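Worksheet: one structure, shown below.
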Amino acid sequence: MVEVHKVSGGPYDSNVFLVMDERPILVDAGMSHESTLRNIAKYMDPKKIEMIVLTHCHHDHTGAAVALREATGGKLAIDRHEVGALGDDLATLAHMFGRMAPECKPDEILTEGTVLNLGEWNLEVMETPGHSPGSICLYEKDAKVLFSGDTVFPDGNIGRTDLFGGNSEDLIKSVERLTKLDAMVMYPGHMEVTDKGVNRQIQLSLRFAESVF
Ligand SMILES: [Zn+2]
């Protein structure tokens, strides 16, 4: 039985999820590595983490990525469109957080259809640009689980597209793709995890996106 725990460390950090399967991974890294490591240690030895999958390059999701890689030994993975953005203060929006993006080279490069085999779960990478050029979602079709990054959030919310590299038309198309999935649980990049009518919530996100853009 796969367990997922929210292990984010700070109030402005993105959600950081610990996915405890045979090969444990983190989804996103947040900005606060020390408190995140403490949270992980409540459940397992952080050194057993095999991969840190970044849903996109923004600093609130990636600021602690380098430090967490060092502490856990997990490989850092990001979509092919954001390899160059990591380490860039502008693309990662690190300047908005009053910080600098740490120099960072990923170990694994993800693309549409990449499957991350964790043991019981196979997380499929969906490229869902719009919030940023290389935003991804991760979908497990048997467990009907969606890690939605900053593409969609609960209650019909959507990722903003007015930041560096954002594109509203792309976001609408990406959300439309997500409406074709069958998801029972959504693990979003911000806000709370939800298992209440997730497909309907994503439909609401699409309607909202179409009405505002
Ligand atoms: Zn973001």
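The values are calculated or read from the model by the stated rules, or taken from the named source; none is laboratory data. Because the structure is a prediction, the values reported are computed rather than measured. Positions of Cβ are backbone-derived with ideal geometry, glycine not excepted, and every protein chain shown enters the neighbour counts. Accessible surface areas use protein heavy atoms only, side chains included; no ligands, DNA or RNA. Shrake-Rupley method; radii C 1.70, N 1.55, O 1.52, S 1.80 Å.
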Can you tell me which residue among His95, His59 is within 15 Å of the ligand (Cβ to nearest atom), over 16 Å from the mean Cα position of the chain (by Cα) and either crowded, with 22+ Cβ neighbours inside 10 Å or farther than 17 Å from Val27 by Cα (or both)? His95
Filter segment 122-145 down to residues that are open to solvent by 10 Å² or more (accessible area, probe 1.4 Å) and out of contact with any Gly (no Cβ under 9 Å at 6 or more places or on another chain) and give me whichever is farthest from the ligand (Cβ to nearest atom). Asp142
Suppose we filter segment 1-10 for residues that are under 17 Å from Leu37 (Cβ atoms) and either touching a residue at least 60 places away in the same chain (Cβ under 8 Å) or part of a loop (DSSP other than H, G, I, E, B) (or both); how many remain? 5
Enumeration of residues in segment 102-122 that are touching a strand residue (DSSP E or B) at 6+ places or on another chain (Cβ under 8 Å) and on the phi > 0 side of the Ramachandran plot: Gly113
Tally the residues that are part of a loop (DSSP other than H, G, I, E, B), in contact with a helix residue (DSSP H, G or I) (Cβ under 6 Å, 6 or more places away or on another chain) and within 12 Å of the ligand (Cβ to nearest atom), restricting the search to segment 146-161. 2
Check whether at least one residue in segment 170-182 is open to solvent by 60 Å² or more (accessible area, probe 1.4 Å), touching a Lys or Arg at 6+ places or on another chain (Cβ under 7 Å) and acidic (Asp, Glu), and report yes or no. yes
Can you pull out every residue in segment 62-86 that is away from the ligand (no atom under 16 Å from the Cβ) and over 20 Å from Phe17 (Cα atoms)? Arg80, Val83, Gly84
Would you please name the residue that is most open to solvent (accessible area, probe 1.4 Å), looking only at residues in segment 104-118 that are of a type in the set (S, T, N, Q) and not in a strand (DSSP E or B)? Thr111
Which ones in segment 183-213 are modelled with pLDDT of 95 or more, surrounded by fewer than 20 Cβ atoms within 10 Å (Cβ to Cβ) and assigned to a loop (DSSP other than H, G, I, E, B)? Met184, His190, Met191, Glu192, Val193, Asp195, Lys196, Gly197
Considering segment 25-56 alone, what residues qualify as being open to solvent by 10 Å² or more (accessible area, probe 1.4 Å) and either modelled with pLDDT under 95 or within 16 Å of the ligand (Cβ to nearest atom) (or both)? Met31
Could you please find all residues in segment 20-60 being part of a loop (DSSP other than H, G, I, E, B) and among the charged types (D, E, K, R)? Asp21, Glu22, Arg23, Asp28, Lys42, Asp45, Glu50
